[in-house]
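Bear in mind that the values in this text are calculations on the coordinates, not laboratory data. None of these values were measured; they are calculated from a predicted model. Ideal geometry is used to build each Cβ from the backbone, glycine not excepted, and the neighbour counts take in all protein chains shown.
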Amino acid sequence: MEKSHFPITNWSEDDRPREKLMLKGKNALSDAELIAILIGSGSRNESAVELSKRILASADNLNTLGKMSISQLMNFKGIGEAKAIAIIAALELGRRRRAEDAVELIKITSSKLVFELMLPIIGELAHEEFWVLFLNNSNKVISKSQLSKGGITGTIVDVRLVFKLALENGATSLILCHNHPSGNTQPSEADKLITNRIKLAGESLDVKVLDHLIITETKYYSFVDEGIF
């Protein structure tokens, strides 16, 4: 009989995800084995590892899995509310860690660096958010702030708040960023309008708007790179 039909407790120690992590380290575990540790147990006919493999096969990758809701995860037999919440929480921690790692980078020298910084934060969202990066006179990121959060169709940005935060942070320049959940990177007329409004307001306060990026899960559009600025 194949071991895959045995519960984890009947496997050899070397094959159990928890014991494997302790003996060989976290890098020795597959994605399915790490998820199996999170959920703890499978069902009568399926081990936690088998269940995790089935979930991953359905999601295709961890990015897609991270977008699943509690109810979507609970559609898998063997996943109750508590296990679904554990999976979502773990993947969200991973996303936040990527975001923190990105913040430590940078002196901003290109639109690609801005994309890498903001991708973990807004690239995978199902709704639109508008963010501003505040930079010092060395083009290093002082802070970043979410200015608005809206539906898939758009956001509303308070221009006064942008510069209130810029002055509070002592920023000499800023970069605008927002995501397009549709995956289309092309700016709308509203995107162009708000960019011009913020850019014009910045000129009067001596706070330069360096760029505006539209970000999706896999690519981005830079107003500067495209010659709009």
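Scaling against 2.2 N^0.38 Å puts the C-alpha radius of gyration of region 108-179 at 1.09. Can you give the FRET efficiency to the nearest 0.05 for GLU189 and PHE229, using r as the Cβ-Cβ distance and R₀ = 25 Å? Here the calculated transfer efficiency is 0.90.
Axis angle, to the nearest 10 degrees, between helix 48-59 and the longest C-alpha principal axis of the chain: 40 degrees.
Using the alpha-carbon centroid of each, what span in Å lies between region 110-129 and region 18-37? Their Cα centres are 30 Å away from one another. Restricting region 54-127 to trypsin sites (Lys or Arg not before Pro) that sit in a DSSP loop and have at most 16 other Cβ atoms within 10 Å of their own Cβ leaves LYS67, LYS77.
Only lysines eight or more places from LYS77 in sequence, or on another chain, were considered; those with a Cα closer than 23 Å are LYS3, LYS53, LYS67. Axis of helix 111-122 versus longest Cα principal axis of the chain: the two differ by about 50°, to the nearest ten degrees.
Which of rounded, prolate, oblate describes region 24-132, given a ≥ b ≥ c as roots of the alpha-carbon gyration tensor eigenvalues and a/c under 1.5 marking rounded, otherwise prolate only if a/b is larger than b/c? Provide the component values of the computation, followed by the final result.
On the way: a/c = 2.98, a/b = 1.92, b/c = 1.56.
Prolate.
With axes computed from alpha carbons, what is the tilt in degrees of helix 159-168 against the longest principal axis of the chain, rounded to the nearest 10 within 0 to 90? So the helix axis and the longest Cα principal axis differ by about 80 degrees.
I need the Debye-formula profile for region 137-229: one equal scatterer per C-alpha, no solvent, reported as log10 I(q)/I(0) at q = 0.21 1/Å, two decimals. Result of the Debye calculation: -1.14. For MET118, MET74, MET68, the sequence from fewest to most other C-beta atoms within 10 Å is MET74, MET68, MET118.
Need one number for the chain: average projected area of the convex hull over its C-alpha atoms, nm². Walk me through the intermediate numbers first.
Values: hull surface 59.1 nm².
For the chain, averaging the hull's shadow over all directions gives 14.8 nm².
Helix content alone sets the calculated 222 nm mean residue ellipticity of the chain: runs of n ≥ 4 DSSP H residues at -39500 (n - 2.57) each, divided across all residues, give -13500 deg cm²/dmol.
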